[in-house]
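Note sheet for the following structure.
What follows draws every value from the coordinates through simple rules; no lab data is involved. Here the structure is a predicted model, which means the values were calculated and not measured. Virtual Cβ from ideal backbone geometry, glycine too; neighbours counted across all protein chains shown.
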Amino acid sequence: MRLISHPAAEEDLKSIADLYLKSFGKPWEIGLIRESFAIPGTFAFLKKNGLCIFRIAADEAEIYYIGVTENIRRQGIATLILDAAKKFLTEKNIKKIFLEVSEENFPAISFYKKSGFEIIGRRPDYYSENDRKIAAANMAFYL
């Protein structure tokens, strides 16, 4: 597993774009990834078939994306990547990890709950999908 940090190398940006496409089924332009990693405190853990992208601010971290290539999900890869991120963040004295997830993404919510996250709030109409508005569940894990 590799840790990528600000600023990310060009080959890492390409790896992130590839893993993102394979995990989420939609592209993320390298220019936008480059912009994200231009911000200090942005990190990613990359494994051959999965990734976790997060940003640290003060004593908190926000997970932006965690994904695993669709054809090998449910084999513990997301857990390995999330555990690596938790260990890294603990070493950085981070107190809280938070994230937002669609309330309709039941597999992700279940995964996060099994990983110790709890729902702490809700953002109505946070996501748009096919002209529909979907609420986000705000979740947190306390280190």
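Let me know the longest stretch in the chain that avoids all trypsin sites (Lys or Arg not before Pro) found in a DSSP loop with at most 14 other C-beta atoms within 10 Å. Looking at the chain, 96-143 is the longest stretch - no exposed trypsin sites (Lys or Arg not before Pro) with at most 14 other Cβ atoms within 10 Å. Evaluated at q = 0.09, 0.15, 0.21 Å⁻¹, a Debye calculation over the C-alpha positions of the chain (equal weights, vacuum) places log10 I(q)/I(0) at -0.26, -0.77, -1.50.
With a/c under 1.5 counting as rounded, go ahead and sort region 100-143 into rounded, prolate or oblate using the C-alpha gyration tensor (a ≥ b ≥ c being the square roots of the eigenvalues; past the cut-off, prolate if a/b is larger than b/c, else oblate). It comes out oblate by the Cα gyration axes.
Other residues lying with their Cβ under 14 Å from the Cβ of MET1 contribute a combined charge of +3, Lys and Arg counting +1, Asp and Glu -1. Judged by the gyration tensor of its Cα atoms, with axes a ≥ b ≥ c, region 64-143 is oblate; a/c meets the 1.5 cut and b/c is at least as large as a/b.
Short to long, the 5 Å bins of the Cα pair-distance histogram for region 34-103 hold 3, 16, 27, 24, 19, 8, 2, 0 percent of all pairs.
Each of ASP131, ASP59 was scored by other Cβ atoms within 10 Å of its Cβ. Arranged with the fewest first, they read ASP131, ASP59.
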